[in-house]
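Let me begin by presenting the structure, written as structure tokens, before commenting on it.
Derivation of every value follows stated rules applied to the coordinates shown; laboratory data play no part. Predicted, not measured: the structure shown is a model, and the values here were computed from it. Cβ: placed from backbone, ideal geometry, glycine included. Neighbour counts: every protein chain shown.
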Amino acid sequence: MSSGKKGNQQESPETGRYSGNRSKAFLGGVDVMEHTPNAPALTGLARVGATARRISRVLADLLWPEPCAACGVMLAAAPAVPGREGGLPPALAPLASCLCPQCLSLCHPIAVPLCPLCGLPYAPEAVGHECSWCRDRRPRFVSARAAGVYGGPLRLAIHRFKYSRRSGLARPMSRSLAQAFLAFYGPEGADVAVPVPLHIGRLRHRGFNQALLLLGGFGPEHGLPPVAPRALVRTRNTPPQVGLSARERTVNLKNAFAVSDPAAVRDLRVLLVDDVYTTGATAEACSRELLKAGALEVKVLTLARVM
Ligand SMILES: [Zn+2]
Ligand SMILES: [Zn+2]
């Protein structure tokens, strides 16, 4: 399967891999057709579905009011921020269902110009060129992109998602990730999505792998690449990366990952997904194993990126 794939194909019953017409699929209320040139207008049935979803969201807000994932203000009562109505970047717009308008206004999308390899954003007047980190190290992945800058309310929301078990945040965050995928890579930008794995010990402690939850909105039924949840495994329970330098992170992650199911990635363009891109050490360690197992290329996608 490769970039030569065309629409109007079907899921293979033998491989279970998707090769269908992604332009027809929905993405949790956001129609992928919006990203496809010459897409036909929404059908009457789709319009009814969209209205029903809007009504159910309003009812849910009334019955089960949610606090902002960053500042804790009740979302239904949070005042609007003048000047931001309708102006949210697509990759951050889904977070409006978990962050209040004030906190959302403090989130920054990742936008060009940026390093074409690792996705490091530059000042608006800069021209896109490889950053010094990429020039010195030549990453194995072809590119890394993120929905937003890691900081402020987005950092708090990700912390709540991971450490306070606010699993309700998975849905808007997954939609945000999906929008970033469409914006940066396009609907046909990868053949399979693979989450960065947790070691079984940490998985038991936390109860979930945040990277896998972020892929909850992916799959052929949403017009996005299928997920191979166990293609990559963590073979060592490495100490937390927090506070380590880039070099220490690389050493810490040596031989920490392995591909357990090479058939799930062989000859495919892999989308590697995690919650945060920090120094690129995890993405690099995972990419090495995926390419060794026969993946054609690795693209990295995270919800947020450290600047
Ligand atoms: Zn807030
Ligand atoms: Zn770079």
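List of remarks:
- Shown in residue order for segment 296-307 are the 3J(HN,Hα) couplings computed by the Karplus curve 6.51 cos²θ - 1.76 cosθ + 1.60 at θ = phi - 60°: 5, 6, 10, 10, 10, 9, 10, 5, 9, 9, 6, 7 Hz (x for Gly and Pro).
- PHE257 long-range amide H proximity, modeled H, under 5 Å: THR235
- Separation of segment 114-161 from segment 239-307 is 15 Å, based on Cα centroids.
- Under Karplus coefficients 6.51, -1.76 and 1.60, residue-wise ³J(HN,Hα) of segment 197-206 in Hz, glycine/proline x: x, 9, 5, 4, x, 6, 4, 5, 5, 7
- Nonlocal amide H pairs with SER143, under 5 Å, H built at 1.01 Å: VAL300
- Ordered by the count of other Cβ atoms within 10 Å of each Cβ, fewest first, SER260, SER105, SER164 give SER164, SER260, SER105.
- Label-to-label distance, nm, for residues given as ASP267 and ALA80 (7 Å Cα→Cβ offset): 5.3
- Between the beta carbons of TYR163 and ARG204, assuming R0 = 22 Å, the FRET efficiency works out to 0.90 to the nearest 0.05.
- For segment 67-305, the gyration tensor built on C-alpha atoms gives a prolate shape. Its axis ratio a/c (a ≥ b ≥ c) is at least 1.5, and a/b is the larger of a/b and b/c.
- For segment 187-194, Karplus couplings with θ = phi - 60° (6.51, -1.76, 1.60), whole Hz, Gly/Pro x: x, 9, x, 7, 9, 8, 10, 10
- Between CYS115 and LEU120, TYR122, the built amide H atoms are under 5 Å apart, and every one of these is 5 or more places off in sequence or on another chain.
- Taking 0.36 nm per residue of separation and subtracting the current Cα-Cα distance, fully stretching the chain between GLU125 and MET307 would add 63.8 nm.
- Taking 0.36 nm per residue of separation and subtracting the Cα-Cα distance, full extension of the segment from VAL251 to ALA52 would add 66.5 nm.
- Segment 67-305: antiparallel DSSP beta bridges as a percent of all, rounded to 5: 25
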